[in-house]
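Please read the structure below before turning to the comments.
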Amino acid sequence: MNPEQWWYWNDLFNKKQIKNLHKICKKTKTSSFVDSPAEKVTKTSNVSGIYWKSVQPYLQDFHERIKITNTLQCGYNIYDLSDYDFVLFNKYDSKNKAQYEWHRDGSNSFVNDFKFTVLINLSLEKYEGGHLHLFNQGPQHIKNLDKAGSAIIFKSSINHKITPVTKGIRHSMSLFIKGPRFI
């Protein structure tokens, strides 16, 4: 895959930080969040919406890395996350072979678009399956995201999927970096 389409960090978060993020997400998930998966796409994960302000103290350094990566690699005009932007806490459970089929992330807004999709592996236990695949001249398993504590950002227009989890539970966090609408 074109290295200018995605960027990753291994061991960005340690086990203690991951446990703290789990606690925050369980404590602060909001009932006003409505998940809207891509149309006509199978998505069997459990998703909770968390306000950015709840996790910002733990993710601010990573957010700065995202902005620097954008500046050096893409040059998109992007917005800072507001306190009330949602981040998603995802649970992929092997009990229902949770997955998310091929899709692209995007906005229904007339004024902004998703520029980047950000995924963080927050798994607390070993699991099997649940692999991120990006599509560029064919599907590619992104092995870097298989390890807890790793993170990836990629252009939201890239087709991607999470394969079914076949054993255990995979947890992740998703953020969407927005900017003015592409013309």
Original post:
What are the residue pairs meeting all of these: first residue in segment 137-149, first residue over 15 Å from SER172 (Cα atoms), second residue modelled with pLDDT of 95 or more and surrounded by 14 or more Cβ atoms within 10 Å (Cβ to Cβ), Cβ atoms under 7 Å, and 6 or more apart or on different chains?
Top reply: PRO139/HIS133; GLN140/HIS133; GLN140/LEU134; HIS141/HIS131; HIS141/HIS133
Subject >> Pairs, first within 23 Å of LEU134 (Cβ to Cβ) and without any contact (Cβ under 8 Å) to a residue 24 or more places away in the chain in segment 90-113, second among the hydroxyl-bearing types (Ser, Thr, Tyr) and loosely packed, with under 14 Cβ neighbours inside 10 Å, C-beta under 8 Å, six or more apart >> reply: none
Original post:
With GLU64, GLU39 as the choices, which residue is closer than 28 Å to GLY129 by Cα, charged (D, E, K, R), exposed (fewer than 15 other Cβ atoms within 10 Å of the Cβ) and without any contact (Cβ under 8 Å) to a residue 24 or more places away in the chain?
Top reply: GLU39
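Identify, from the list VAL34, VAL55, the residue that is over 30 Å from GLY138 (Cβ atoms) and either touching a residue at least 60 places away in the same chain (Cβ under 8 Å) or not hydrophobic (A, V, I, L, M, F, W, C) (or both). Walk me through it before giving the result.
On the way: VAL34 fails: either touching a residue at least 60 places away in the same chain (Cβ under 8 Å) or not hydrophobic (A, V, I, L, M, F, W, C) (or both).
Answer to the check: VAL55.
Would you please name the residue that is farthest from SER172 (Cα to Cα), looking only at residues in segment 77-117 that are of a type in the set (Phe, Trp, Tyr) and surrounded by fewer than 17 Cβ atoms within 10 Å (Cβ to Cβ)?
Of everything passing the filter in segment 77-117, PHE110 is farthest from SER172 (Cα to Cα).
Given the residues LYS178, LYS161, which is the only one that is out of contact with any helix residue (DSSP H, G or I) (no Cβ under 7 Å at 6 or more places or on another chain), surrounded by 20 or more Cβ atoms within 10 Å (Cβ to Cβ), of a type outside the set (Val, Ile, Thr) and farther than 22 Å from LYS19 by Cα? Give the steps one after another, and end with the answer.
Values: LYS161 fails: surrounded by 20 or more Cβ atoms within 10 Å (Cβ to Cβ).
Answer to the selection: LYS178.
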Original post:
Looking only at segment 43-61, which residues are surrounded by 14 or more Cβ atoms within 10 Å (Cβ to Cβ) and among the polar types (S, T, N, Q)?
Top reply: THR44, SER45, ASN46, SER48, SER54, GLN56
Original post:
Can you tell me how many residues in segment 35-59 are of a type in the set (D, E, K, R) and at pLDDT 95 or above?
Top reply: 1
Subject >> Count - residues of segment 22-53 that are within 14 Å of the chain's Cα centre (by Cα) and in a helix (DSSP H, G or I) >> reply: 1
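The values are calculated or read from the model by the stated rules, or taken from the named source; none is laboratory data. Everything numeric in this text was worked out from a predicted model, so none of it was measured. Backbone-built Cβ (ideal geometry, glycine too); neighbour counts: all protein chains shown.
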